[in-house]
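A quick write-up on the structure given underneath.
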Amino acid sequence: MSIVIAGASIGIGQALYQQLKRESLDAVYTISRRNTGSSNLQADLSNPADIARVREFLQEIQPSQVFCCAGQLHDQDHMPEKRLSQINDEWIFQSLRANLLSHIHLAQALDPILTRKHALKWISLSAKVGSLDDNALGGWYSYRMSKAALNMFIKNLSIEWARKSSDILVASVHPGTTDSELSKPFQSHIVSDRLYTPQQTAIRLISIMQRLSSAQHGKLLHWDGSVIAY
Ligand SMILES: NC(=O)c1ccc[n+]([C@@H]2O[C@H](COP(=O)([O-])OP(=O)(O)OC[C@H]3O[C@@H](n4cnc5c(N)ncnc54)[C@H](OP(=O)(O)O)[C@@H]3O)[C@@H](O)[C@H]2O)c1
């Protein structure tokens, strides 16, 4: 059995890698745009040209658990939009590449490997702000829309892969506000006991992965395992 973490160079993905290396007996591999060591495949999941190489890597290691952590909220030139007038086409496309297409490309790379006998658990890191039901504040258009699209992708994937094997479970998970580069500009608004360390979050995500059930298949989950309405 082997475990794959995609988007693992920093933040929650890196904490997952460290935690799993400490506590798991299984082989742990990473896929990252940066070179992070010997068990890493260097690939950019947002680039469709890299899917074939990722497929070869997955064929070799035959993963039984996948954590896809890729995501982006801001960069040096873009902060989340506060209003309609700040929406910019190029940033919407970039948000979709990082938050949605990275996850789609990883699933496309894995798909041919999945047979009737293959047991697989897949978690995509999403966000509660991608829930339409939960949206009371507005703003953050590109991030919210790309995470909502990711949640729909996971729902579709759960239906398609269930036809391949009853041993495949997929879910998107809100990890909770975690101290990382992604959340740094917004941490002053967070009550300190609601800002989790990457290690706390990693431990919770590993627990969700281990207990993932058919009742959670295709759902958006809170880090405690409860279901968040889409
Ligand atoms: N931190 C939070 O409070 C929080 C809250 C809710 C949801 N999340 C979600 O949790 C996930 C991990 O977040 P984090 O806090 O660990 O963020 P982070 O420290 O910024 O790490 C994000 C990861 O995403 C990958 N990535 C970033 N931009 C990308 C791009 N343009 N194309 C492809 N991959 C890209 C990077 O992978 P490489 O290793 O390939 O560079 C990086 O390891 C994200 O999906 C995020 O939306 C986080």
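Just so you know, all these numbers are worked out from the coordinates, no wet-lab data involved. Predicted, not measured: the structure shown is a model, and the values here were computed from it. Positions of Cβ are backbone-derived with ideal geometry, glycine not excepted, and every protein chain shown enters the neighbour counts.
Scan around residue 66 for amide H atoms under 5 Å from its own, H built in the peptide plane at 1.01 Å from N, and keep only partners 5 or more places away or cross-chain.
HN-HN under 5 Å from residue 66: 4, 121, 122, 123.
Using DSSP to define loop residues, name the trypsin sites (Lys or Arg not before Pro) in region 92-190 whose beta-carbon has at most 16 other beta-carbon atoms within 10 Å.
Here the trypsin sites (Lys or Arg not before Pro) that fit, given the DSSP loop and packing criteria, are 116, 117.
Please work out the FRET efficiency for the pair residue 191 and residue 224, using the Cβ-Cβ distance as r and a Förster radius of 22 Å; give the result to the nearest 0.05.
0.80
For region 157-223, what is the convex hull volume of its Cα atoms per residue in Å³?
99
Can you tell me the 0 to 90 degree angle between the C-alpha axis of helix 11-23 and the longest principal axis of the chain, rounded to 10?
Long axis of 11-23 versus the principal axis of the chain: about 40 degrees.
Percent relative contact order of region 29-74, based on C-alpha pairs within less than 8 angstrom and at least six residues apart?
For region 29-74, the relative contact order is 21 percent.
Let me know the volume per residue of the alpha-carbon convex hull for the chain, in Å³.
Normalising the Cα hull of the chain by residue number yields 121 Å³.
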